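Data first, discussion second: the structure below is written as structure tokens.
The values are calculated or read from the model by the stated rules, or taken from the named source; none is laboratory data. If you're wondering where the values come from, they're calculated on a predicted model, not measured in any experiment. Here the Cβ positions follow ideal geometry from the backbone for every residue, glycine too, while neighbour counts run over all protein chains shown. What goes into the accessible areas is simple: the full protein's heavy atoms, side chains included, and nothing from ligands, DNA or RNA. Shrake-Rupley method; radii C 1.70, N 1.55, O 1.52, S 1.80 Å.
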Amino acid sequence: MKRILLPLTLVLAVSAQAQITNNTKAKVDPKNNKVSNPVVEKPKAPQPKLMSREELRACIDRQEANTAEAAAIKNEQASYKANAESLKTEKANVEAGENALGEKIKAVKAEKEAILAEHAAIAAEASKLKKEELKARNEAYLKRTTDFNAMFEGVKTADAEQATKRKAFSDKVDALDAQFKSIEERTEKHFDANDQWKAECSNKAYDENDEKAIRKERAAAAGK
């Protein structure tokens, strides 16, 4: 009888062991477990928290605003470049005007010196000259002074015109500098906004159905 019971005991033990080792969902206590290779459940990885639809909508709004701002800054940079090129041409014209005015001023000064010298010569030689010769020289002198006055007035007009051109150019240079500063500040703000969007919205989990709904809303609003 003992010979029969012993094998049955072994069979039952082996059978029980097979049931334990084949049960992959079994929870095993390491202290009391007698199975050589127990199987323990692996903890499930936590699911990422999804953004709400409102949070997703806000992130999309910010992303589109950043994209629009980038395009606006690019256009402003193109405008700045065009203005700078235009000012190069205007600068050349202003400089040419300054050079021409400088030559006119030199001519006026030289003529003034010549007239003064002529006046001194007539005064010094008047007693030695015949009446007709003195009269001719005086008439020539008066005509020269009249022409000089017209010449001087012309230089004054040219100087006023050049001053207007000079101021207009200077104002445009100031405006160009202000445009550059504005672009620089605007670009820095755009970079900050983009970095903030990346930190708060990029790589955040969301429901694709929420995105589809938001895009549908926008398409409907744009069609109105």
- Checklist (1) surrounded by 11 or more Cβ atoms within 10 Å (Cβ to Cβ); (2) out of contact with any Lys or Arg (no Cβ under 8 Å at 6 or more places or on another chain) applied to I122, failing item: (2)
- Query: How do the pairs read when you match residues in region 203-216 that are over 11 Å from M51 (Cα atoms) with residues anywhere that are open to solvent by less than 90 Å² (accessible area, probe 1.4 Å) and of a type outside the set (D, E, K, R), using Cβ under 7 Å and keeping only pairs 6 or more apart or on different chains?
  - Reply: I214/L56; I214/I60
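Can you tell me how many residues within region 205-214 are surrounded by 13 or more Cβ atoms within 10 Å (Cβ to Cβ) and part of a helix (DSSP H, G or I)? Let's see the steps before the verdict.
Filtering region 205-214 for residues surrounded by 13 or more Cβ atoms within 10 Å (Cβ to Cβ) gives 206-207, 210-211, 213-214.
Of the ones still in play, those that are also part of a helix (DSSP H, G or I) are 210-211, 213-214.
Count: 4.
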- Note on the structure: Sole miss for S79 among (1) modelled with pLDDT under 95; (2) open to solvent by less than 90 Å² (accessible area, probe 1.4 Å); (3) hydroxyl-bearing (S, T, Y) is condition (1)
- Item | The lone exception for L129 - which of (1) more than 60 Å from the chain's Cα centre (by Cα); (2) open to solvent by 60 Å² or more (accessible area, probe 1.4 Å) it fails | (2)
- Mind checking which pairs have a first residue in region 39-67 that is within 30 Å of T187 (Cβ to Cβ) and a second that is among the hydroxyl-bearing types (S, T, Y) and modelled with pLDDT under 95, Cβ under 9 Å, 6 or more apart or different chains? M51/Y206; E55/Y206; L56/Y206; C59/S202; C59/Y206
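Which is part of a loop (DSSP other than H, G, I, E, B) and open to solvent by less than 90 Å² (accessible area, probe 1.4 Å), of S182, S202, S170? I'd like the intermediate steps shown before the answer.
Numbers: S182 fails: part of a loop (DSSP other than H, G, I, E, B); S170 fails: part of a loop (DSSP other than H, G, I, E, B).
Within the list S182, S202, S170, the selection yields S202.
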- Message: Considering only residues that are open to solvent by 60 Å² or more (accessible area, probe 1.4 Å), within 31 Å of the chain's Cα centre (by Cα) and not acidic (D, E), which ones fall in region 83-115?
- Response: N83, S86, K88, T89, K91, N93
